[in-house]
Amino acid sequence: GEQELLTHFLGLTPALVVERFYLWQIGTYMFLHANFWHIFLNMYALLIFGMSIEQVWGGRRFLFYYFFTGVGAGLTIFLLNLFLGGLGYQVPTIGASGAVFGLLLAFGVLFPDAQILLFFVIPLRARYLVVLYGALEMAALIQSPEGGSVSHVGHLGGLLFGILYFTVIRKRMSAFKIKKLQAERSEEHTSELQSL
């Protein structure tokens, strides 16, 4: 059917990326979802975490981060299944969960003390929620490397690329901004001296 055709071309199947060069799948897989609940839960999480992050960062930076972690999760799924082989090499992965886990990490970094209701009941600080989810995903992956119907590799990939963003890219961006500001200040200082 139509769903199978879309999943074949746009879902992330490592075998198709390697054998047929469907390279776009590393990005397009995050726009497909299995059913209503799959898309609803991902979009709900996007709304809950995304709105606050987008208000702090602005739209462009938020979008860059969202796609960085989503494509990063896709790369993680691709590379791990490529080297490990097994069922994951032939089976498509779909959904925005990798990017959502990236957002969860960003929320935990930006708002570490924000209270989140786990299962709508248990209050938990955002920083602990990130650690808890990361630990649960790692445990689930170790227990069931094939993953079943949930891509624990994708979730961990989203977290991993989120960490990469905060430890490498954000520091480089900040260093660049500081150098730019210093250059602008020294130019202003020089022009002030000239006007004297």
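Per-structure values
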item	result
Near pairs, Cβ below 8 angstrom, 6+ apart or cross-chain, from the range 104-117 (of a type in the set (Gly, Ala, Ser)) to any residue that is open to solvent by 40 Å² or more (accessible area, probe 1.4 Å) and assigned to a strand (DSSP E or B)	ALA114/ARG125
All positions within the range 101-119 that are closer than 13 Å to ALA45 by Cα and among the aromatic types (Phe, Trp, Tyr)	PHE101, PHE107, PHE119
Selection count where residues are touching a residue at least 40 places away in the same chain (Cβ under 8 Å) and either of a type in the set (A, V, I, L, M) or open to solvent by less than 60 Å² (accessible area, probe 1.4 Å) (or both), scope the range 61-77	11
Near pairs, Cβ below 7 angstrom, 6+ apart or cross-chain, from the range 78-92 (of a type in the set (S, T, N, Q)) to any residue that is assigned to a helix (DSSP H, G or I)	ASN81/PRO14; ASN81/GLY88; ASN81/TYR89; GLN90/ALA15
Cβ-Cβ under 8 Å pairs, at least 6 apart or on other chains, the range 136-154 side within 24 Å of PHE68 (Cβ to Cβ), far side modelled with pLDDT of 70 or more and not in a helix (DSSP H, G or I)	SER151/THR93; SER151/GLY95; GLY154/THR93; GLY154/GLY95
Enumeration of residues in the range 1-28 that are outside any helix (DSSP H, G or I), aliphatic (A, V, I, L, M) and touching a residue at least 60 places away in the same chain (Cβ under 8 Å)	LEU12
Per-region count, the range 21-55, residues open to solvent by 70 Å² or more (accessible area, probe 1.4 Å) and under 19 Å from THR76 (Cα atoms)	4
ARG170 vs. criteria without any contact (Cβ under 8 Å) to a residue 60 or more places away in the chain, in contact with a Pro (Cβ under 6 Å, 6 or more places away or on another chain), open to solvent by 20 Å² or more (accessible area, probe 1.4 Å) and in a helix (DSSP H, G or I)	no
Matching option when the condition is touching a helix residue (DSSP H, G or I) at 6+ places or on another chain (Cβ under 6 Å), modelled with pLDDT under 95 and open to solvent by 70 Å² or more (accessible area, probe 1.4 Å), among GLN3, GLN90	GLN90
Scope the range 98-117; condition at pLDDT below 90 and either within 18 Å of HIS38 (Cα to Cα) or assigned to a loop (DSSP other than H, G, I, E, B) (or both); matching residues	ALA114
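The values are calculated or read from the model by the stated rules, or taken from the named source; none is laboratory data. In this text the structure is predicted, and so the values were computed from the model without any measurement. FYI the Cβ positions are ideal-geometry reconstructions off the backbone, even for glycines, and counts take in every protein chain you see. The accessibility values were calculated without ligands, DNA or RNA, using every heavy atom of the protein model including side chains. Shrake-Rupley method; radii C 1.70, N 1.55, O 1.52, S 1.80 Å.
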